[in-house]
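So the structure is just underneath, and the comments pick up after that.
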Amino acid sequence: MEKAQVSKNETKPLKNYVDINPQKKVATRAAFGKALVSVGENNQNIVVLDADLSVSTKSSLFAEKFPDRFFEMGIAESNMIGTAAGLALSGKIPYLCSFGCFVAGRFETIRISIAYNQVNCRIIGTHAGIGIGEDGYTQMALEDMALMRSLPGMGVLQPADDIETQRMIEFLSNHHQGPVYVRLTRQALPQLFNQQYVFEYGKGVILEEGKDIALVATGGVVHPAYEAAQKLKEKGYTSSVVNIHTIKPLDETLIQSLAHSHQWMFTIEDHTIMGGLGSAVSEVLAGTQNHAVLSRIGIQDIYGESGTPEALYEKYGLSTAKIVEHILRQLES
Amino acid sequence: MATSLSPELHQKLSETARALRMLSLQMITEAQSGHPGGSLSAADLVTVLFFHYMTHNPHEPHWPERDRFVLSKGHGVPVVYAALAKCGYFPEEELMTLRKINSRLQGHPDHVRLPFMETSSGSLGQGLSIAQGMAMAAKLDQKKYKTYCLLGDGETQEGQIWEAAMSAPKYQLDNLIAILDFNKGQIDGYTEDVMNLSPLKAKWEAFNWEVQEIDGHDLHQIFAALNHAQISRKKPHMIIAHTIKGKGVSFMEDNIDWHGKSPSLKERDQAIEELRRH
Ligand SMILES: Cc1ncc(C[n+]2csc(CCOP(=O)(O)OP(=O)(O)O)c2C)c(N)n1
């Protein structure tokens, strides 16, 4: 492969729709449920399946509105995955919903029935990461991105706020071909964008520009990353903060550009550091020279546990304070 | 083993079941999250197993001859933690650490943190296969222990359950005793509406299991069914226990809303008061 020629000015200008408001919080699963009703209104090909978690994934909103296009499959995820593949092979656009751990857990069924067929299934995995809190490891999706990313042709998406989720679902319902996995949070996330937001598949979104550090985050930890950047200013470092809603296909141009214009780069994700965003970024940098020092913040090859989301983010290094601590340790080492 | 429960023993076990229900609700309220419905429905089954029927020793938890108990419906674990504490596996105070950070009492069983739980569970549908493996090991080692496996009714919608339903009779696992907490509810609604299981008894019989159907809140019937399951017919055993989700608390009984949420302090006090009076 040819080595990409990247210059500083390839970093895209700041978008006018960045509008951060920590007071306005919505869980991305709630945004999804709402969006699903709205796309279902206009597109008759949209069908929805759930496996006894519609109350939690919020697909129940679609079920109430369009009972004929909703299939309650019971606690039987493999059967749901195969059924969705059959519906997609027959021209429908199925959204199949459960907790991320339970859908991604049926990896081999997804691998053949959905991925290898390259069908238009939208696999929805809610309850991403240790951010779910008290239920503990068995209900946490912590390896789902790694699994889904390994499948050729599978898009891997994770929105970071309400409006981004809505626009993503509109895009997937009307303008996208091929299978995708969408990762959503149980917990409410602060607003990052206003109504002007435009979803661009495969593109990173710059929230703030700085000189020293590039913070590349996805999903529920984008806002903590943004807060960390503010704290780092007090220490004399400025940061570029980037939201990666498309983990695959990754915005390689942007990653390379950031890696060449900053001295340090940190990836931040509520997911194992093996195979998720951190790995995806490492894979891009592995083929380039003279790039920023990269460090991956995320779950460090360890199982999650029960606790409040706040206590878990503290213990596992994803709170704003712990992110700052990690970064300063790296910078000063 | 006696053929029926004496009135004294019946009285004692009812008291224990009541205590397990109270503790479950106290733990869940303290944690401000958890699954009351499926803990209360299973309380009588868990009581008879842990306080009378199973051979086990809290002072020697890894005793190789112990009967095995596999909680396949992992979210129902509060009632099992309560039973383990009451049996003396760990101090009762520890129950109030449920779901808190650094606790051994995870929201769903964690075998590594708390080895008294024979297996980790919480992803539904996996426990019956694990129990089957334990039953096979008993046969290989020529051990007398039995393996009990507690299943949720919604849980048996999982395909893996029916894979185990096929394989256990093949290996004539008469030492495997599955108990179905048939409380008729799951998350999205009544089991009947979500994905109907009936005819349940006929299904398990067709898969060649020795099936009994009982009232899962009648201690005599639970005891009798377990007795029956000790007799080998060269088949695995399935006890379909009809139960009520949220059993013992009027506002929780048969109410799907109480599948997976914590009572408020006031609701807890009301529930405890009802259980006390009952
Ligand atoms: C594989 C899997 N899918 C989904 C869930 C989420 N979940 C937890 S409890 C539950 C309902 C269980 O119903 P049932 O087995 O009848 O249990 P009970 O009514 O006794 O609580 C579901 C769907 C899960 N834990 N595992």
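The values are calculated or read from the model by the stated rules, or taken from the named source; none is laboratory data. Here the structure is a predicted model, which is why all the values come from computation and not from measurement. Positions of Cβ are generated from backbone atoms using ideal geometry, with glycine treated the same way; all protein chains shown enter the neighbour counts. Areas reflect the complete protein model, heavy atoms only, side chains present, ligands, DNA and RNA absent. Shrake-Rupley method; radii C 1.70, N 1.55, O 1.52, S 1.80 Å.
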- Task: Using a 1.4 Å probe and ignoring any ligands, DNA or RNA, find the accessible area of A:Asp135 and quote it in Å² to the nearest 10.
- Result: 40
- Under 28 Å Cα-Cα from A:Lys248, which lysines qualify once same-chain neighbours fewer than 8 residues away are excluded? A:Lys3, A:Lys8, A:Lys12, A:Lys15, A:Lys25, A:Lys34, A:Lys58, A:Lys92, A:Lys203, A:Lys211, A:Lys322
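About the Cα centre of the range A:24-190, how large is the charge dipole given +1 on each Lys and Arg Cβ and -1 on each Asp and Glu Cβ? Please answer in debye to the nearest 20.
Details: 15 positive and 16 negative charges, 66 e Å.
With only Lys, Arg, Asp and Glu charged at Cβ, the dipole is about 320 debye.
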- Task: Choose one of B:Leu49, A:Ala188, A:Ser90: the residue whose Cα lies farthest towards the positive end of the charge dipole of the protein assembly as shown (beta-carbon charges +1 Lys, Arg; -1 Asp, Glu; about the Cα centre).
- Result: A:Ser90
- Cα-projected label distance for B:Asn227 with B:Asp215, points at 7 Å along beta-carbon direction, nm: 1.7
- Taking every residue of B:194-203, the Cβ atoms of other protein chains inside 10 Å of its Cβ average out to 2
- Task: For the range A:61-86, state which residues have at least 50 Å² less accessible area in the presence of all protein chains than in their chain by itself, taking the probe as 1.4 Å and leaving out ligands, DNA and RNA.
- Result: A:Glu72, A:Ile75
- Task: Calculate the translational D of the protein assembly as shown in whole µm² s⁻¹ from Stokes-Einstein, where the hydrodynamic radius comes from the Kirkwood formula applied to all Cα pairs, the temperature is 37 °C and the viscosity 0.692 mPa s.
- Result: 128
- Item | Mean projected area (nm²) of the alpha-carbon convex hull when the range A:233-333 is viewed from all directions | 7.1
- Query: Dividing the Cα radius of gyration by the Kirkwood radius, what Rg/Rh value follows for the range B:64-138?
  - Reply: 0.97
- Query: So which trypsin sites (Lys or Arg not before Pro) in the range A:218-323 pass both tests, a DSSP loop state and at most 13 other Cβ atoms within 10 Å of the Cβ?
  - Reply: A:Lys235
- Expressed in whole Å with the largest first, what are the equivalent ellipsoid semi-axes of the range B:1-64 derived from the C-alpha gyration tensor as the square root of 5 times each eigenvalue? 24, 17, 9
- Would you kindly compute the Cα radius of gyration of the range B:189-278 and its largest Cα-Cα separation (Dmax), both in Å? 17.0, 51
- Item | Test item: A:297-306 mean partner chain Cβ contacts at 10 Å | 3
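Counting only protein heavy atoms and rolling a 1.4 Å probe, how much accessible area do B and A lose on contact, total for both sides, in Å² to 100?
Details: alone 12050 and 13560 Å², together 23730 Å².
Using a 1.4 Å probe on protein heavy atoms, the buried area is about 1900 Å².
With every protein chain present, what is the per residue accessible area of the range B:7-277 (1.4 Å probe, Å²)?
39
Where in the range B:30-130 are there GluC sites (Glu not before Pro) that are in a DSSP coil and have at most 14 other Cβ atoms within 10 angstrom of their Cβ?
B:Glu65
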- Message: Averaged over its residues, how many other protein chain Cβ atoms are within 10 Å of peptide B:183-193's Cβ atoms?
- Response: 3
- In short, the range A:124-169 residues buried by 10 Å² or more of accessible area relative to the isolated chain (1.4 Å probe) are A:Glu134, A:Asp135, A:Thr138, A:Gln139
- Point-to-point label distance, B:Ser167-B:Asp269, nm (Cα→Cβ direction, 7 Å offset): 5.1
- Only loop residues by DSSP count here, and only those with at most 13 other Cβ atoms within 10 Å; note down the chymotrypsin sites (Phe, Trp or Tyr not before Pro) in the range A:193-257 that meet that. none
- Message: Spelling out what I want: for every residue of the range A:319-333, take phi, set θ = phi - 60°, compute 6.51 cos²θ - 1.76 cosθ + 1.60 (Karplus), and round to whole Hz; glycine and proline get x.
- Response: 6, 3, 4, 6, 5, 4, 4, 4, 5, 5, 4, 5, 5, 8, 8
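Which value, in debye to the nearest 20, gives the size of the charge dipole of the protein assembly as shown about its Cα centre, when Lys and Arg are +1 and Asp and Glu are -1 at the Cβ?
In debye, rounded to 20, the protein assembly as shown gives about 560.
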- Where nothing but the Cβ of Lys and Arg (+1) and of Asp and Glu (-1) is charged, how large is the charge dipole of the range A:225-333 around its Cα centre, in debye to the nearest 20? 240
- Task: On each of the three principal axes of the Cα atoms of the range B:7-277, give max minus min coordinate, whole Å, ordered largest first.
- Result: 51, 45, 40
- Query: Taking Cα pairs under 8 Å and at least six residues apart, what relative contact order does the range A:200-333 come out at, in percent?
  - Reply: 26
- Cα-based equivalent ellipsoid, the range A:134-260: semi-axes from gyration tensor eigenvalues, Å: 24, 18, 16
- How large is ³J(HN,Hα), in whole Hz, for each residue of the range B:195-211 in order, when computed from phi with the Karplus curve 6.51 cos²θ - 1.76 cosθ + 1.60 and θ = phi - 60°, using x for Gly and Pro? 6, 4, 9, 6, x, 5, 4, 4, 4, 5, 5, 5, 7, 6, 9, 8, 10
- Task: Using a 1.4 Å probe over the heavy atoms of the protein chains, calculate the carbon and sulfur portion of the accessible area of the protein assembly as shown as a whole percent.
- Result: 50
- In Å, the C-alpha Rg and Dmax of the range B:1-152 are 15.1, 45
- Size descriptor, Kirkwood hydrodynamic radius, that averages inverse alpha-carbon separations across the range A:24-190, Å: 15.3
- Antiparallel DSSP bridges in the range B:105-246: what percent, to the nearest 5? 5
- Task: Would you calculate the volume per residue, in Å³, of the smallest convex hull containing every Cα atom of chain A?
- Result: 126
- Note on the structure: With every protein chain kept in place and a 1.4 Å probe, the range A:24-190 has an accessible area per residue in Å² of 31
- Task: Normalising by the residue count of the range A:24-190, find the relative contact order in percent from Cα pairs under 8 Å and 6+ residues apart.
- Result: 29
- Query: What spacing in nm lies between the two simple spin-label points modelled at A:Lys25 and B:Asp254, each 7 Å away from Cα in the Cβ direction?
  - Reply: 3.9
- Query: Over chain B, what is the percentage of antiparallel beta bridges among all DSSP beta bridges, to the nearest 5?
  - Reply: 5
- Task: Give the residue from A:Ala115, A:Gly133, A:Gly74 lying farthest towards the positive end of the charge dipole for chain A; charges sit on Cβ (+1 for Lys and Arg, -1 for Asp and Glu) and the dipole is referred to the Cα centre.
- Result: A:Ala115
- Which log10 I(q)/I(0) values, to two decimals, does the range A:153-207 give at q = 0.16, 0.18, 0.23, 0.30 Å⁻¹ under the Debye formula with one point per Cα? -0.48, -0.61, -0.98, -1.47
